[in-house]
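Have a look at the structure below, then the notes.
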Amino acid sequence: MKRAVLVFTGVIALSGCSHIFDKQIEYTYQQPDSYPVLKAVGYAPISLQPGQNEQQKAILAIKASKLEAYRELAEQVYGQKITANSSVRAMVATNDTLNSQVNGVVRGAKVIKSYAVGDIYATELELDMKLVYDLYIGEVKPRSIKKVKYY
């Protein structure tokens, strides 16, 4: 019995020694090899916008085309979630649905051009991933362990 208590105490004492040593960890920050520039174009029909006159419709088309361009950028950065359902009864398709969803935050995009082509308004956006990386680095610094020293 005394021997078991002595062995148990020895094991506890030895495992506690690992906390005595102090360590210093040096990190190195990783940077990608290349930074792509993503481009997106959004379109919106002017005549189909709600409004009392052509100026109001044009302003709404400008906003809609810009939002569509941002959506396209978000699709490129984050991807698109696709949900599909099909129903078959008596070997005949009775219901077929397809839904898509885009979810994300786009920071640092620039409007390159915004113009009308006939009844369509177009907005071109550009997203430099170097700028996105710099914005990201300011918040979260991705790193890897360079060296660990134990004292």
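The values are calculated or read from the model by the stated rules, or taken from the named source; none is laboratory data. As the structure is a computational prediction, the values presented were derived from the model and not from experiment. Don't worry about glycine lacking a Cβ; one is built from the backbone with ideal geometry, like all the others, and counts go over all protein chains shown.
Looking across region 65-103, just one residue is at positive phi and surrounded by 10 or more Cβ atoms within 10 Å (Cβ to Cβ), and that is Gly79.
Highlighted here are the strands (runs of 3 or more DSSP E) found entirely within region 13-116 that include at least 3 residues which are within 30 Å of Tyr136 (Cα to Cα) and in contact (Cβ under 8 Å) with a residue 40 or more places away in the chain: 23-29, 37-45. Within region 80-97, being more than 30 Å from Tyr70 (Cβ to Cβ) and touching a strand residue (DSSP E or B) at 6+ places or on another chain (Cβ under 6 Å) holds for Ser86, Ser87, Thr94, Asn95.
Return yes when Val132 is of a type in the set (A, V, I, L, M, F, W, C) and modelled with pLDDT under 90 and no when it is not. Taking the combined requirement at face value, the residue satisfies it. If you go through region 133-151 and keep only what is out of contact with any strand residue (DSSP E or B) (no Cβ under 9 Å at 6 or more places or on another chain) and either surrounded by 10 or more Cβ atoms within 10 Å (Cβ to Cβ) or part of a helix (DSSP H, G or I) (or both), you end up with Tyr133, Asp134, Leu135, Tyr136, Gly138, Glu139. What do you reckon, is Tyr121 among the aromatic types (Phe, Trp, Tyr), touching a Lys or Arg at 6+ places or on another chain (Cβ under 6 Å) and either surrounded by fewer than 10 Cβ atoms within 10 Å (Cβ to Cβ) or closer than 30 Å to Glu54 by Cα (or both)? No: the conditions fail for Tyr121.
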